[in-house]
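Peer 1: Got a structure for you, questions after.
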Amino acid sequence: MNLSRKWLNEFVTVTASDKEFAEAMTLSGSKVEVTVDQGAEISNVVVGKVLSMKRHENSDHMWVCQVDTGDGEPVQIVTGAQNVKEGDLVPVAKHKSTLPGGKKIEKGKLRGEVSYGMLCSFKELGLDQRDFPAAYEDGIWILSDDPELSVEVGQDIREAVGLDDHVVEFEITPNRPDCLSIIGLAREAAATFNAELRLHEPVVKGGAEGELIELLDVETPAADLVPRYTARMVRNVKIAPSPKWMRERLRAMGVRPINNIVDITNYVMLEYGQPMHAFDYRYVKGGKIIVRRAEEGEELTTLDGTLRKLTADHLVIADDTRAVGLAGIMGGLNSEIVEDTTDVVFESACFDGTCIRKGALALGMRTEASAKFEKGLDPMNTMPAVERACEFVEMLGAGEVVDGVIDILNSVPHPTVLTLEPEKINALLGTDIPAEDMVRILKSVDFKVDGDQVTVPSYRADVRRMADLAEEVARFYGYNNIPSTLMRGQTTLGGYSPEQQLERRLGELCRAFGHDEIITYSFISPTYYDKIRWAEDHPNRKSFKILNPLGEDTSIMRTTVLPSMLEILTRNYNYRNKSAKLYEVGRIYLPDRDDGLATESKMLSIGAYGSDMDFFTLKGFIEAIMDDIRAENVRFEPCADNPSYHPGRCATLWSGDRCIGVFGQIHPLVAKNYGVDTAMYCAELSFDELMKAHGADAEYTALPKFPGVHRDLAVVCAAGVTVYQLSECIKNAGGSLLKAVEFFDVYTGAPIEPGKKSVAFSLEFRSDEQNLTDKDIEPAMEKILAQLAEKLDARLR
């Protein structure tokens, strides 16, 4: 919310500097983001009078002018403009002046003649035609030709044309829609600086021809969505530019001036915080306004020229035959105010905030009006706003106001009355503020206090309980004046849940292995499934579609994290990074619930490429993760049917009978789809399954008292037998003396016959009761060899 300091001074006099004003308002609860001096980029530019002009001796189109700038001696300025004449008052950028955009003006020579500055157009001062309609667009700005300007020679141009305002930008929280207005911020400023608040009571004379009740009828079939609807009518409208003071204030607030009627509605919206709309009466068929729900599939072209297809959830302003506006969002093009408009209907209404927000989101729209309505406006504000608009119509001579007001109040708001409890407030704040000071503070922000009963203003829907009154007292008493005290009450011991601890530990392990964390969007493009080679009938291609996506690339919720990881790996590859190691703990969204909602599952996604990465490096990393979480019965099984991975370099990870996930080298065709010609390796591990596989806390075990005995064992087996199968067979047959089995070599080639391989293991035997001898170990070795031969046809080499 922008606030013009000059406009603010109409309601409350605040002489504080911008810095003091920002600090005080922020401390009282209205956070200031930034303060902007509108003329900060302009310096040493004044109003000058052209005293004389002569042709430049070395140019057929340039003039040498003598200009009075109020400094005593005239200055010589050379210009090529053809619309300047002697006696004109013009903006003069003198020697060592600055203009918007950082442009610097200094004296110089133009074809041999010295020029001590420059005559300016309004564009060079950062203005446009709408700011000053009487200005000549393609030449020097002749200030004396504008009847609205009253300037003097030597006057600072910023003061002369209204660029001397200071604009304060506030960050208004959603619970304070009343502060989205000049009057709302004026109330806050008056209470903050203990100054008098001067509010204006609109006065409308009326008297135009006709009776409003005969000219206009209003119905609200959607009464539950229209707490209040107020309308007045203006006849014999004269469309023209707004006066200079109104254009200046609108420009300062970031609103572009258009014409007097439209500017009045915008001005009132900014001043009162009440969105308004003006309809061309001749386009309201049957003289009837109907506020209803839209019909399914109904179409309306809005003021921005876009054809909107509506649903039954939208609220529209309609006449007897069609919709003429989107209630609370934007008017319709079919009832726009144009140059030949003669009769206007002013609408000042209060609509249901939830309905307006959902309607705007469904259409991908967000307007100044919808942003205000969605926060919940005060229905008691509609009447003062429409009265103020009609007062401006009469003040500017823009038309004649018809007597009477149509005011439909579908929901009578009941004032909130709270009990003032000074003891509780002081106990909550840790203060000792007298009850009289609390009453004074509450009255300063327009709360009515009668004894211990406090009546909350209708525009303060955020004040509902004693704690809210305490907040009002605290922010104007001064948070910086509240003494620091030790915390009272019982404290509780916080900590991380087991899921949080596991997620943090997985992150630590990934970073320890050199992987950087990434964060990717949960919404992806449907084409990503094609890039990872998922068939059309793949069960996980069914995804939730976003109703209002930013674009096709972000239109569905992902059911796999693999494309997101591959996108980031590809980006790093395209940036010519020689290697990359990444990880993410992200969510996938599976549409497999009966209630229509998604199963949101966390996944640990790992991705890497580079000269130091291969299948076994990734496998070792995953083994380290499983060892760290003390998972039991961990095994790897070959996987050749996953279309996204290389069929010979892909495996699934298991813990007992739970499948944890899949990992391996990305299929070369998938890598080609991403434009990558190097091997990429990825893993997709279910966080939920990792949590289930998490073993018990580690227990202390004393160091062994007796040394272990090591035996190396090499067996020849079929090439299709896995190391895991051999290792598990050895462990099962080794008995209690076998403490560890470690694979260390595999060999193929002569003298091993084709189709077979030699696999070597190191076995460690140890007893907790005695030193072992060969006699103790031989039975275990014989049993191991027998089981290998029986189950896997593996023979001692």
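The values are calculated or read from the model by the stated rules, or taken from the named source; none is laboratory data. From a predicted model like this one, the values you see are computed outputs, not experimental measurements. Every residue, glycine among them, receives a Cβ derived from its backbone with ideal geometry; neighbour counts consider all protein chains shown. Keep in mind that these areas ignore ligands, DNA and RNA; they rest on the heavy atoms of the full protein, side chains included. Shrake-Rupley method; radii C 1.70, N 1.55, O 1.52, S 1.80 Å.
Peer 1: If Rh is defined by the Kirkwood formula over all Cα pairs and Rg also comes from Cα, what ratio Rg/Rh do you get for segment 151-290?
Peer 2: Working: Rg = 19.1 Å, Rh = 18.5 Å.
Expressed as Rg/Rh, it is 1.03.
Peer 1: Please identify the chymotrypsin sites (Phe, Trp or Tyr not before Pro) of segment 221-320 that satisfy two criteria: DSSP loop assignment and at most 15 other Cβ atoms within 10 Å. Which are they? Working shown, then result.
Peer 2: Numbers: sites: 229, 245, 267, 272, 279, 281, 283; in loops: none.
Within segment 221-320, no chymotrypsin sites (Phe, Trp or Tyr not before Pro) qualify (loop, at most 15 other Cβ atoms within 10 Å).
Peer 1: Which whole-number percentage describes the relative contact order of the chain, with Cα contacts under 8 Å and a sequence gap of 6 or more? Walk me through the numbers before you get to the answer.
Peer 2: On the way: 1534 pairs, mean separation 65.5, N = 797.
The normalised contact order for the chain reaches 8 percent.
Peer 1: Is it possible to state the helix-based mean residue ellipticity at 222 nm for the chain, with each DSSP H run of 4+ residues giving -39500 (n - 2.57), the sum divided by total residues, to the nearest 500 deg cm²/dmol? What is it? It would help to have the intermediate numbers written out before the result.
Peer 2: Working: 21 runs with 207 residues, N = 797.
After summing the helix terms and dividing by the residues of the chain, the value is -7500 deg cm²/dmol.
Peer 1: Right, something else. How would you classify segment 268-366 from its alpha-carbon gyration tensor, with a ≥ b ≥ c the square roots of the eigenvalues: rounded for a/c under 1.5, else prolate if a/b is greater than b/c, otherwise oblate?
Peer 2: Details: a/c = 1.59, a/b = 1.18, b/c = 1.34.
Note, shape of segment 268-366 comes out oblate.
Peer 1: Okay, next question. Dipole of the chain, Cα-centred, from +1 at each Lys and Arg C-beta and -1 at each Asp and Glu C-beta, to the nearest 20 debye? Write down the numbers at each step before the final one.
Peer 2: Numbers: 89 positive and 125 negative charges, 461 e Å.
Computed charge dipole of the chain: roughly 2220 debye.
Peer 1: Where does each of 447, 523 land when they are ordered by accessible area, with a 1.4 Å probe and the largest first?
Peer 2: On the way: 447 5, 523 65 Å².
So the residues, ranked largest to smallest area, are 523, 447.
Peer 1: Another question, if that's okay. Could you compute how fast segment 171-242 diffuses translationally, taking Rh as the Kirkwood radius over C-alpha pairs and applying Stokes-Einstein at 10 °C with viscosity 1.306 mPa s? Give it in µm² per second.
Peer 2: Details: Rh = 16.9 Å.
Result for D is 94 µm²/s.
Peer 1: Could you run the Karplus curve 6.51 cos²θ - 1.76 cosθ + 1.60 with θ = phi - 60° over segment 265-271 and give me ³J(HN,Hα) per residue in whole Hz, x for Gly and Pro?
Peer 2: 5, 5, 4, 5, 4, 6, 6
Peer 1: From Cα pairs below 8 angstrom and at least 6 apart in sequence, can you work out the relative contact order of segment 272-385, rounded to a whole percent? Present the calculation step by step, with values, prior to reporting the outcome.
Peer 2: Values: 217 pairs, mean separation 34.5, N = 114.
RCO, segment 272-385: 30 percent.
Peer 1: For 232, 505, write out the residues from largest to smallest accessible area, computed with a 1.4 angstrom probe and no ligands counted.
Peer 2: On the way: 232 15, 505 90 Å².
Ranked list, largest accessible area first: 505, 232.
Peer 1: A 28 angstrom limit on the alpha carbon distance is what I want to check against. Which of 705/783; 244/288; 205/358 exceed it?
Peer 2: Numbers: 705/783 26 Å; 244/288 35 Å; 205/358 40 Å.
Checking Cα-Cα distances, 244/288; 205/358 exceed 28 Å.
Peer 1: Using only Cα atoms, locate the centre of segment 575-639 and the centre of segment 376-390, then give the distance between them in Å, rounded to an integer.
Peer 2: Computed from Cα coordinates, the inter-centre distance equals 59 Å.
Peer 1: Among the GluC sites (Glu not before Pro) in segment 174-241, which ones are in a DSSP loop with at most 13 other Cβ atoms within 10 Å of the Cβ? Mind listing them? Walk me through the intermediate numbers first.
Peer 2: Values: sites: 188, 196, 209, 211, 214, 219; in loops: 196, 209, 211.
For GluC sites (Glu not before Pro) across segment 174-241 that sit outside H, G, I, E and B with at most 13 neighbouring Cβ atoms in 10 Å, the list reads 196, 209, 211.
Peer 1: So what's the net charge close to residue 181: Lys and Arg +1, Asp and Glu -1, counting the other residues with Cβ under 11 Å from its Cβ?
Peer 2: Details: positive: 176, 187, 372; negative: 178, 188, 271, 378.
So the environment of residue 181 carries a net charge of -1.
Peer 1: Please list the three semi-axes, largest first and in whole Å, of the ellipsoid equivalent to segment 508-586, using sqrt of 5 times the eigenvalues of its alpha carbon gyration tensor.
Peer 2: Working: eigenvalues 130, 37, 34 Å².
In descending order the semi-axes read 25, 14, 13 Å.
Peer 1: Against the globular-protein guess of 2.2 N^0.38 Å, express the Cα radius of gyration of segment 52-173 as a ratio, rounded to two decimals. Present the calculation step by step, with values, prior to reporting the outcome.
Peer 2: On the way: Rg = 15.8 Å, N = 122, 2.2 N^0.38 = 13.7 Å.
Against the compact-globule rule of thumb, the ratio is 1.16.
Peer 1: If you add up the charges near residue 164, with Lys and Arg at +1 and Asp and Glu at -1, over every other residue whose beta carbon is less than 12 angstrom from its beta carbon, what do you get? Present the calculation step by step, with values, prior to reporting the outcome.
Peer 2: Numbers: positive: 5, 6, 158; negative: 37, 156, 159, 165, 248.
So the surrounding residues net to -2.
Peer 1: Have a look at segment 500-541 and give its Rg and Dmax from the Cα atoms, expressed in angstrom.
Peer 2: Expressed in Å, the Cα Rg and Dmax of segment 500-541 come to 15.5, 39.
Peer 1: Rounded, prolate or oblate: which fits segment 308-422, taking a ≥ b ≥ c as square roots of the Cα gyration tensor eigenvalues, rounded meaning a/c under 1.5, else prolate when a/b beats b/c? Walk me through the numbers on the way to the answer.
Peer 2: On the way: a/c = 2.13, a/b = 1.15, b/c = 1.85.
It comes out oblate by the Cα gyration axes.
Peer 1: Heavy atoms of the protein only, probe of 1.4 Å, neighbouring chains included. What is the accessible area of residue 452 in Å², nearest 10?
Peer 2: Residue 452 exposes around 80 Å² with every protein chain in place.
Peer 1: OK, next. Relative contact order for segment 1-93: what percent, with Cα pairs under 8 Å and sequence separation of 6 or more?
Peer 2: 23 percent
Peer 1: Same structure, new question: Residue 54: which lysines have alpha carbons under 29 Å from its alpha carbon, excluding same-chain residues fewer than 8 sequence positions away?
Peer 2: Once the sequence-local lysines are set aside, what remains near residue 54 is 85, 94, 96, 103, 104, 107, 109, 123.
Peer 1: Starting from segment 468-567, pick out the GluC sites (Glu not before Pro) whose DSSP state is loop and whose Cβ has at most 10 other Cβ atoms within 10 Å. Please list the in-between numbers first.
Peer 2: Working: sites: 471, 472, 499, 503, 508, 517, 536, 552, 567; in loops: 536.
Hits after loop and neighbour filter: 536.
Peer 1: If you don't mind, another one. May I ask you to rank 637, 248 by accessible area, largest first, using a 1.4 Å probe over the protein chains only?
Peer 2: Values: 637 70, 248 25 Å².
In descending accessible area the options line up as 637, 248.
Peer 1: More than 21 Å apart: what percent of Cα pairs in segment 620-767 qualify? Mind showing how you got there, number by number?
Peer 2: Numbers: 6505 of 10878 pairs.
Summing the P(r) of segment 620-767 above 21 Å gives 60 percent of all pairs.
Peer 1: Any idea how far the Cα center of segment 1-55 sits from the one of segment 667-695, in Å?
Peer 2: So the two Cα centres are separated by 58 Å.
Peer 1: For segment 398-476 and segment 193-231, what is the separation of their C-alpha centers, rounded to whole Å?
Peer 2: About 24 Å separates the Cα centre of segment 398-476 from the one of segment 193-231.
Peer 1: Rolling a 1.4 angstrom probe over the protein heavy atoms, how many square angstrom per residue are accessible across the chain?
Peer 2: Numbers: 39780 Å² over 797 residues.
Each residue of the chain exposes 50 Å² on average to a 1.4 Å probe.
Peer 1: Compute the Cα gyration tensor for segment 598-646, then decide on rounded, prolate or oblate, letting a ≥ b ≥ c be the square roots of its eigenvalues: rounded whenever a/c is under 1.5, prolate when a/b is larger than b/c in the other cases, and oblate in all that remain.
Peer 2: Working: a/c = 1.39, a/b = 1.07, b/c = 1.30.
Here segment 598-646 falls in the rounded category.
Peer 1: What is the spin-label model distance, in nm, from residue 740 to residue 238 if the labels are put 7 Å beyond Cα along the C-beta direction?
Peer 2: Reported label-point gap for residue 740 and residue 238 is 10.0 nm.
Peer 1: Of (1) 162; (2) 191; (3) 287, which one was derived for volume of the Cα convex hull per residue in Å³ from the structure shown?
Peer 2: (3)
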